[in-house]
Amino acid sequence: MESFILHVDRLSAWVGKAFAWCILIMTFGVGYEVFVRYVLRDPTAWAFDISYMMYGTLFMMAGAYTLSRDGHVRGDVIYRLWKPRTQAVIEFILYFLFFFPGVIALILAGFDYAGESWSYTEVSVMSPANVPIFQFKTIIPIAGILLLLQGIAQVFRCVICYRTGEWPAHLEDVEEMETMLQHQAEDVEQIKEHLHIGEKGGVK
């Protein structure tokens, strides 16, 4: 189970970081549109399509990555007060009650949407540029499959936590600013404590 978790976490991280480049494409498209619209007075017909396609792709493909880092929003007012084993049991049940049915529905519906879109090479109706969007519909089932794999890995985490009483560690590569500041404050407190102990022992 630990090997499966590690491999799926790495896959989710690779996909999430690869599609993070969508931010740059979206930023370029929006920035270019602002320039030509307000400076050259010649707005584009495709910038809006680029922005929502890039944002949608990033949002979908980052889902598994965010789940692997335990980064999704959680109403943990009560959850954080429970012992790890209790948390694991609750999460295990909720994954099967809500997560897997929703993700499987996303995959099945996504294949239908993507297949239909490819069948007539769908284009955007949001602008006169007729930007092709059928390839982006394929993102839906792919994102669903990645979420399904990561969900299985999360269930394995629940099983391990129930057995050991501790949550398996997540791969860490990005921290929230408040988390970084908290760690820095804890480090400072540890240093002060060591210095205080040293002073008591006669160490200068």
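The values are calculated or read from the model by the stated rules, or taken from the named source; none is laboratory data. These numbers come from a predicted model, not from an experiment. All Cβ positions, glycine included, derive from the backbone under ideal geometry; neighbour counts span all protein chains shown.
Structure values in brief
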{"quantity": "Close pairs from segment 1-16: first basic (Lys, Arg), partner surrounded by 12 or more Cβ atoms within 10 Å (Cβ to Cβ), Cβ under 8 Å, at least 6 apart", "calculated": "ARG10/LEU171"}
{"quantity": "Selected residue (criterion: modelled with the lowest pLDDT) from residues of segment 65-97 that are part of a loop (DSSP other than H, G, I, E, B) and small (Gly, Ala, Ser)", "calculated": "GLY75"}
{"quantity": "Residue count, segment 144-175 (criterion: assigned to a loop (DSSP other than H, G, I, E, B) and of a type in the set (D, E, K, R))", "calculated": "4"}
{"quantity": "Checklist (1) in the same structural domain as LYS17 (by TED's automatic domain parsing); (2) part of a helix (DSSP H, G or I) applied to ASP187, failing item", "calculated": "(1)"}
{"quantity": "Any pair with Cβ under 9 angstrom, 6 or more apart, that starts in segment 107-127 at a residue that is assigned by TED's automatic domain parsing to the domain that holds ALA45 and ends at one that is of a type in the set (Ser, Thr, Tyr)", "calculated": "GLY110/THR138; ALA114/THR138; SER117/THR138; TRP118/THR138; SER124/TYR52; MET126/TYR52; SER127/THR44"}
{"quantity": "Flag for PHE100 being surrounded by 12 or more Cβ atoms within 10 Å (Cβ to Cβ), aromatic (Phe, Trp, Tyr), more than 18 Å from the chain's Cα centre (by Cα) and in a helix (DSSP H, G or I)", "calculated": "no"}
{"quantity": "Scan of segment 72-97 for residues that are among the small types (Gly, Ala, Ser) and either closer than 20 Å to GLU166 by Cβ or in contact with a His (Cβ under 7 Å, 6 or more places away or on another chain) (or both), ordered by number", "calculated": "ALA88"}
{"quantity": "Residue list for segment 33-57, filter: assigned to a helix (DSSP H, G or I), surrounded by fewer than 16 Cβ atoms within 10 Å (Cβ to Cβ) and in contact with a Ser or Thr (Cβ under 7 Å, 6 or more places away or on another chain)", "calculated": "VAL36"}
{"quantity": "The one condition in (1) surrounded by 12 or more Cβ atoms within 10 Å (Cβ to Cβ); (2) in contact with a strand residue (DSSP E or B) (Cβ under 7 Å, 6 or more places away or on another chain) that THR121 fails to fulfil", "calculated": "(1)"}
